[in-house]
1. Would the stretch 104-116 turn up any residue that is in contact (Cβ under 8 Å) with a residue 40 or more places away in the chain, touching a Pro at 6+ places or on another chain (Cβ under 8 Å), surrounded by fewer than 22 Cβ atoms within 10 Å (Cβ to Cβ) and within 21 Å of Lys59 (Cβ to Cβ)?
2. Being out of contact with any Ser or Thr (no Cβ under 7 Å at 6 or more places or on another chain) and under 23 Å from Asn94 (Cβ atoms) is the filter here; which residues of the stretch 131-150 pass it?
3. Residues to consider are Ala109, Ala119; find the one that is of a type in the set (Gly, Ala, Ser) and over 12 Å from the mean Cα position of the chain (by Cα).
4. Six or more apart or on different chains, Cβ atoms under 8 Å: show the pairs whose first residue is in the stretch 125-142 and among the polar types (S, T, N, Q) and whose second is assigned to a helix (DSSP H, G or I).
5. Please verify whether the stretch 237-246 includes one or more residues that are of a type outside the set (Phe, Trp, Tyr), in contact (Cβ under 8 Å) with a residue 12 or more places away in the chain and in contact with a helix residue (DSSP H, G or I) (Cβ under 6 Å, 6 or more places away or on another chain).
6. Looking at this structure, is Phe196 under 21 Å from His151 (Cβ atoms), without any contact (Cβ under 8 Å) to a residue 40 or more places away in the chain and surrounded by 13 or more Cβ atoms within 10 Å (Cβ to Cβ)?
Amino acid sequence: MDHLSENVWTWCKSGQFVCAFALLLCFSGCSLKQQAIEVLEREYNEARWEETIRKFEEKDKVQPPKPNGILFIGSSSVVRWDTEKYFPGYGVINRGFGGSQIVDSVHYADRIVIPYKPALIVFYAGNNDIKAGKPPEEVAADFEKFRAVVHKELPETRIIYISIHPSVSRWSHDPEMRKANSLIKKQCSKDKRLTFVSIYKEMLGKDGTPNKELLDPDMLHLSPKGYEVWTKKLTPYLDKFMKTKKSR
């Protein structure tokens with residue numbers, strides 16, 4: 001079963017098939033049909049996270065996170081990062097959801113970002129976006145949307161963006177990922193509330209290709225050594241933030 005067929009089956013099971021079928025019938029040309037499919041794909045991608053987001057909300061009801069903390073959010077690299085282990089005493093909240101793109105964090109910001117009133121957000125996403133075919137310019141534009149959504153409600157909140165990391169699995173997409181990093185870095189340089197933290201070079205070996213020791217066997221996600229590298233790189237930024245926070 002191909003990707004589209006799987007999604008259609010999902011829509012059937014979720015009660016969305018009637019709407020999906022009706023929408024497709026409204027388009028007669030191939031290009032318009034493709035546009036309709038892309039619209040439905042976006043709708044599906046948003047719906048797929050609902051259960052995960054609800055679990056976060058249920059957890060928050062039992063143990064509400066304290067405001068002014070440090071929120072980690074983004075894709076699977078955040079999910080797999082044992083932030084409590086690596087950053088004890090920092091008041092970290094981890095709300096990563098694997099496979100997500102930047103737009104997913106934008107979409108759910110009102111439920112898993114804004115309510116926490118974090119003083120600092122550590123954000124990693126963009127890798128899946130490029131893999132899905134989004135051009136670097138769109139990835140950077142999506143990050144700007146995330147920034148805008150956050151700063152509309154929390155104008156003082158600082159955001160650290162961790163650069164898209166290279167991997168063996170997605171090495172063919174490296175030019176696009178590097179360009180996206182460059183565009184987002186430029187955005188961050190224009191706003192004192194934003195910080196771009198590059199881990200790109202740290203993830204490469206002596207031969208200039210991704211260091212396999214820092215990657216899981218799937219050659220995409222990080223190994224424990226990889227997380228040690230990320231933690232070492234990020235810690236000075238968090239320490240600086242904590243020092244500033246205490247002096248206020």
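1. There is no residue in the stretch 104-116 that is in contact (Cβ under 8 Å) with a residue 40 or more places away in the chain, touching a Pro at 6+ places or on another chain (Cβ under 8 Å), surrounded by fewer than 22 Cβ atoms within 10 Å (Cβ to Cβ) and within 21 Å of Lys59 (Cβ to Cβ).
2. Initially, the stretch 131-150 is screened for residues out of contact with any Ser or Thr (no Cβ under 7 Å at 6 or more places or on another chain), giving 131-145, 147-149.
The answer is Lys131, Val139, Asp142, Phe143, Lys145, Arg147, Val149.
3. Details: Ala109 fails: over 12 Å from the mean Cα position of the chain (by Cα).
Only one candidate passes the filter, namely Ala119.
4. Taking only residues 6 or more apart or on different chains, the pairs are Asn127/Ser77; Asn127/Met177.
5. Our first condition is that a residue be of a type outside the set (Phe, Trp, Tyr); within the stretch 237-246, this holds for 238-240, 242-246.
Next, only the ones that are in contact (Cβ under 8 Å) with a residue 12 or more places away in the chain stay: 238, 242, 245.
When the remaining residues are screened for being in contact with a helix residue (DSSP H, G or I) (Cβ under 6 Å, 6 or more places away or on another chain), the result is none.
No, the stretch 237-246 contains no residue that is of a type outside the set (Phe, Trp, Tyr), in contact (Cβ under 8 Å) with a residue 12 or more places away in the chain and in contact with a helix residue (DSSP H, G or I) (Cβ under 6 Å, 6 or more places away or on another chain).
6. On the way: under 21 Å from His151 (Cβ atoms): yes; without any contact (Cβ under 8 Å) to a residue 40 or more places away in the chain: yes; surrounded by 13 or more Cβ atoms within 10 Å (Cβ to Cβ): yes.
Yes.
One line per residue, one yes/no per condition, for (1) under 17 Å from the mean Cα position of the chain (by Cα); (2) crowded, with 16+ Cβ neighbours inside 10 Å; (3) among the hydroxyl-bearing types (Ser, Thr, Tyr); (4) in a helix (DSSP H, G or I):
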site: Lys186; (1), (2), (3), (4): no, no, no, yes
site: Lys192; (1), (2), (3), (4): no, no, no, no
site: Pro217; (1), (2), (3), (4): no, no, no, no
site: Gly226; (1), (2), (3), (4): no, yes, no, yes
site: Lys232; (1), (2), (3), (4): no, no, no, yes
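Read the figures in this text as sums done on the coordinates, not as results from a lab. Keep in mind the model is a prediction, meaning the values are calculated, not measured. When we count neighbours, we look across all protein chains shown, and the Cβ atoms used for this are built from the backbone with ideal geometry, even at glycine.
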